[in-house]
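The values are calculated or read from the model by the stated rules, or taken from the named source; none is laboratory data. Owing to the predicted nature of the structure, the values given are computational and were not obtained by experimental measurement. Please note: Cβ atoms are built from the backbone with ideal geometry, for glycine as well, and neighbour counts cover all protein chains shown.
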Amino acid sequence: MILSDKRILEEIEAGTILIEPYRRECLGSNSYDVHLGRYLATYRDRVLDARAHNQIDYFEIPEEGFVLQPGTLYLGVTEEYTETHRHVPFLEGKSSTGRLGIDIHATAGKGDVGFCNTWTLEISVAQPVRVYTGMPIGQLIYFEVQGEIAMSYNNKASAKYNVRTVKPVESMMWKNQF
């Protein structure tokens with residue numbers, strides 16, 4: 001079941017959902033709009049290795065915006081820091097973002113109960129498009145969980161994305177054993 005606007009507000013008041021900064025005008029009937037943070041990153045190497053710690057270069061989006069190019073994976077970040085302690089958050093693109101040909105995640109649209117951080121975006125574009133810091137980029141949808149949680153994400157020793165950041169985070173696949 002997806003939480004309604006009233007239910008999201010109740011969960012914020014109860015402390016089980018945290019959104020910083022929170023702006024009432026960003027709350028939709030069953031979602032919350034998130035915005036593009038000021039940092040983007042790209043991988044240094046064109047060929048990525050799933051077993052290696054692939055390095056990224058950060059840059060700040062200038063005031064006049066930045067033109068994203070097809071064929072490049074950009075890592076972005078939301079302005080909003082979120083915590084979700086009883087629900088499963090899903091991050092989806094806004095229809096206006098999609099209509100510009102911007103995909104905001106390759107596969108990582110679901111968070112876990114206990115996810116506490118900004119959201120790293122895996123951005124790709126269909127054609128060149130200029131983006132700006134603070135533009136609406138996606139929306140969070142919250143789902144109810146059935147049953148007890150044995151271990152929330154923020155308490156797992158194996159959690160790879162627990163360090164609070166305002167910058168995008170590169171893949172930590174290399175930390176897996178395979």
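I need a count of the residues in the range 27-46 that are in contact (Cβ under 8 Å) with a residue 24 or more places away in the chain and either in a loop (DSSP other than H, G, I, E, B) or closer than 20 Å to Pro89 by Cβ (or both).
Of the residues in the range 27-46, 11 are in contact (Cβ under 8 Å) with a residue 24 or more places away in the chain and either in a loop (DSSP other than H, G, I, E, B) or closer than 20 Å to Pro89 by Cβ (or both).
Out of Gln127, Gln139, Gln146, report the one residue that is under 25 Å from Leu9 (Cβ atoms) and loosely packed, with under 15 Cβ neighbours inside 10 Å.
Only one candidate qualifies: Gln146.
Take Phe115 and decide whether it is over 17 Å from Val34 (Cα atoms), aromatic (Phe, Trp, Tyr) and either touching a Phe, Trp or Tyr at 6+ places or on another chain (Cβ under 7 Å) or in contact (Cβ under 8 Å) with a residue 60 or more places away in the chain (or both).
no
Under the condition of being surrounded by fewer than 17 Cβ atoms within 10 Å (Cβ to Cβ) and not in a loop (DSSP other than H, G, I, E, B), which residue from the range 93-114 is modelled with the lowest pLDDT?
Among residues in the range 93-114 that are surrounded by fewer than 17 Cβ atoms within 10 Å (Cβ to Cβ) and not in a loop (DSSP other than H, G, I, E, B), the one modelled with the lowest pLDDT is Lys110.
Kindly provide the set of residues from the range 1-50 that are among the aromatic types (Phe, Trp, Tyr), farther than 30 Å from Lys175 by Cα and surrounded by 15 or more Cβ atoms within 10 Å (Cβ to Cβ), ordered by number.
Within the range 1-50, just Tyr32 meets the criteria.
Of the numbered conditions (1) part of a strand (DSSP E or B); (2) touching a His at 6+ places or on another chain (Cβ under 8 Å), Trp174 satisfies every one except a single condition; which is it?
(1)
Quick check on the range 60-79. Is at least one of its residues touching a Cys at 6+ places or on another chain (Cβ under 6 Å) and in a strand (DSSP E or B)?
no
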